[in-house]
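Visitor: Once you've had a glance at the structure underneath, I'll fire off some questions.
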There are 2 protein chains.
Amino acid sequence: MSQRQNPHPNPPPQAREGDILDTPVIDRESNGTEHDHTSLRLWLRLLTCTTMIENCVKKGLRSDFETTLPRFDLMAQLERNPQGLTMGDLSQRMMVSGGNITGITDQLEKEGLVERLKLQGDRRVYHVRLTTKGKESFKSMARVHEEWIIDWMSDLTMDEQHLLYSMLGKLKKSLQEKGCES
Amino acid sequence: MSQRQNPHPNPPPQAREGDILDTPVIDRESNGTEHDHTSLRLWLRLLTCTTMIENCVKKGLRSDFETTLPRFDLMAQLERNPQGLTMGDLSQRMMVSGGNITGITDQLEKEGLVERLKLQGDRRVYHVRLTTKGKESFKSMARVHEEWIIDWMSDLTMDEQHLLYSMLGKLKKSLQEKGCES
């Protein structure tokens, strides 16, 4: 894979032969070559699809709601857990470090969208939950967010979506079993 | 989806009935419910799988090579393009903003892993490319990185991996056609 072995790649990586499903596009998958292992190419494609959707969600949240994806994600977790969540719960569910969670929570609290409540049993631990204003704000964003996702996936039939869901379920289970959880 | 409608969800979202492939685990998919649209659940599962692998790659790069994923990604793009890439090329290929690219490039240049070269035709534009030290450093990381990916995917047969690759190809094409590119 060094410069000496392949000084002038032809065709370029983004237009691989036999890769009929791709239109020529430069993205994170462009890093793969014919010789790369199937698993690596699969990972790069998984990453590319996720990044494409994530970037589109970010763009939509910014333009339509003047908000960010981490804020939306945090509110989504709280909406699903109306009893409230600790910082540790949020960190685990959002699969990111605690430091980030604290900053986002501080900002949402300032805007009156979430509130911190002391737990009765242990007064050192806080629960975070959505305020009424936060619930309303999230609901309107979530409705539009779901419409985006449905639209972006709509070229896949429901059968194809179920198949993809099931295959990814198998991958997820395998990752869990290999300890690749967080 | 509000507190009133579902104050005590049972079973909890992470152990949905009929979702036989999942073991109970709390992650970004935990935000989905039975009632969510298939496309939304598919997106959350796609995001969860990608985040699991990405977090595991990050952990491995940190522990085995004392490096970060953005540094590895940038070097990977340069390895595939030995003639060098401009900042704009790198930004497009890594699907992130230019500001991040500049910071990572500065750091890699300080460590002697990449070099900036002025273009002959336009002296205002730089090309970035790997140094010999950078090429060697990347090669050893890439080999181990590929072994990780092969291992993490190994519970899926080659047929299953090809099927998943093809389904994601269809999703990617659909996203491109809908202008969901960056």
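The values are calculated or read from the model by the stated rules, or taken from the named source; none is laboratory data. The shown structure was predicted, so the numbers you read here are calculated from the model rather than taken from an experiment. Every residue, glycine among them, receives a Cβ derived from its backbone with ideal geometry; neighbour counts consider all protein chains shown.
Visitor: When you check A:Pro7 against the structure, is it in a loop (DSSP other than H, G, I, E, B), within 8 Å of chain B (Cβ to nearest Cβ) and at pLDDT 90 or above, yes or no?
Guide: The answer is no for A:Pro7.
Visitor: Out of everything in region B:88-116 that is within 14 Å of another protein chain (Cβ to nearest Cβ) and in contact (Cβ under 8 Å) with a residue 24 or more places away in the chain, what residue ends up being farthest from A:Thr51 (Cα to Cα)?
Guide: That would be B:Val114.
Visitor: What number of residues within region A:13-59 satisfy the criterion of being assigned to a helix (DSSP H, G or I) and either at pLDDT 60 or above or facing chain B (nearest Cβ under 7 Å) (or both)?
Guide: Residues flagged as assigned to a helix (DSSP H, G or I) and either at pLDDT 60 or above or facing chain B (nearest Cβ under 7 Å) (or both) within region A:13-59 amount to 27.
Visitor: Which condition number in (1) more than 16 Å from B:Leu163 (Cβ to Cβ); (2) out of contact with any Phe, Trp or Tyr (no Cβ under 6 Å at 6 or more places or on another chain); (3) at the interface with chain B (Cβ under 7 Å from one of its Cβ atoms) is the one that A:Ile149 fails?
Guide: (2)
Visitor: Looking at A:Glu146, is it in a helix (DSSP H, G or I), touching a helix residue (DSSP H, G or I) at 6+ places or on another chain (Cβ under 6 Å) and acidic (Asp, Glu)?
Guide: Answer is yes for this residue.
Visitor: Restricting the search to region B:80-115, which residues are assigned to a helix (DSSP H, G or I), surrounded by 15 or more Cβ atoms within 10 Å (Cβ to Cβ) and out of contact with any strand residue (DSSP E or B) (no Cβ under 6 Å at 6 or more places or on another chain)?
Guide: The answer is B:Arg80, B:Met87, B:Asp89, B:Leu90, B:Ser91, B:Gln92, B:Arg93, B:Met94, B:Ile101, B:Ile104, B:Gln107, B:Glu109.
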